[in-house]
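What follows is one structure encoded as structure tokens, with my remarks underneath.
The values are calculated or read from the model by the stated rules, or taken from the named source; none is laboratory data. Because the structure is predicted, anything quoted here is derived from the model rather than measured. Don't worry about glycine lacking a Cβ; one is built from the backbone with ideal geometry, like all the others, and counts go over all protein chains shown.
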Amino acid sequence: MEIGQSADKSYAYLLGVYLGDGCVTREKWRRGEFHPVFRLNTIDRDFAEATRAALMNLTDRKVGINTYAVKKSSKPNHALRCGDPEICKNLVLDCGGATSPKTRLPTFTLESSEKEFAVGLMDSEGFVAAHSQCDSYYMGFKCCDPWLREFVILLQRIGVQIGKVSVCPPLRPHYKTPTRFHIKIDSWVRAGLKFNIKRKQDRVDAWATKHGLSYS
């Protein structure tokens, strides 16, 4: 895929989404042939829309979002689909290949796109949670993937300050062991990073207002 100057930021964001909540699957089409398809399932419509916007900067193919109710949930699911085989191939290759998918951070080193990549991963796997004992929020990241410590280095490189990296017990026996770290919200704001997911960014904004910070 040729990624021009205007498209590299969109692809970097898409790489972050793919490493997080996105996936590439093979889908059987009408002629019986199997083709790769990029998919994202999320409860956040704004996340799906941001991902679609990135894809539309990279492809002329249709990027659809199907919204439907989910049992035992008050929130609907937004299912995004894009069948551009070139995008699917590059996402898989850049993040480990077909035999070891999502095992590494992409090897691209475009400094102008590292922030977009970080936001894509944070939209997927990052969290901004409320403290149980005080009227405030804390931010962090949690996943079970082997590239987490590389992501820490990338965040530090773009100005985000990281707390202790710690291994957590798996939720159930035989589950993968997750690793997590906290992020200093003031450094996130000062780095000029923003979530595309409004419910997350609203908490960052509330924290920043309380502490007298604002985006420059």
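A quick yes/no check of all residues on (1) among the aliphatic types (A, V, I, L, M); (2) touching a helix residue (DSSP H, G or I) at 6+ places or on another chain (Cβ under 6 Å); (3) at pLDDT 90 or above:
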{"residue": "105", "(1), (2), (3)": "yes, yes, yes"}
{"residue": "108", "(1), (2), (3)": "no, no, no"}
{"residue": "112", "(1), (2), (3)": "no, no, no"}
{"residue": "121", "(1), (2), (3)": "yes, yes, yes"}
{"residue": "126", "(1), (2), (3)": "no, no, yes"}
{"residue": "136", "(1), (2), (3)": "no, no, no"}
{"residue": "139", "(1), (2), (3)": "yes, yes, yes"}
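Residues of the stretch 173-197 that are on the phi > 0 side of the Ramachandran plot and outside any loop (DSSP other than H, G, I, E, B): none at all.
Across the stretch 193-205, the qualifying residues are those that are in contact with a Phe, Trp or Tyr (Cβ under 6 Å, 6 or more places away or on another chain) and not polar (S, T, N, Q), and the one among them that is nearest to residue 154 (Cα to Cα) is 197. State whether one or more residues within the stretch 147-161 are buried (at least 17 other Cβ atoms within 10 Å of the Cβ), among the aliphatic types (A, V, I, L, M) and in a strand (DSSP E or B). No, every residue in the stretch 147-161 fails to be buried (at least 17 other Cβ atoms within 10 Å of the Cβ), among the aliphatic types (A, V, I, L, M) and in a strand (DSSP E or B). Restricting attention to the stretch 73-80, does a residue exist that is in contact (Cβ under 8 Å) with a residue 12 or more places away in the chain, among the small types (Gly, Ala, Ser), in contact with a His (Cβ under 8 Å, 6 or more places away or on another chain) and in the same structural domain as residue 95 (by TED's automatic domain parsing)? Checked the stretch 73-80: no residue is in contact (Cβ under 8 Å) with a residue 12 or more places away in the chain, among the small types (Gly, Ala, Ser), in contact with a His (Cβ under 8 Å, 6 or more places away or on another chain) and in the same structural domain as residue 95 (by TED's automatic domain parsing). For the stretch 117-142, taking the residues that are of a type in the set (Phe, Trp, Tyr) and surrounded by fewer than 23 Cβ atoms within 10 Å (Cβ to Cβ), the one that is farthest from residue 209 (Cα to Cα) is identified as 127.
Step by step: first the residues of the stretch 12-63, then only those that are among the β-branched types (Val, Ile, Thr), under 17 Å from the mean Cα position of the chain (by Cα) and surrounded by 19 or more Cβ atoms within 10 Å (Cβ to Cβ), then the one that is nearest to residue 114 (Cα to Cα). Which residue is that? The extreme case among them is 17.
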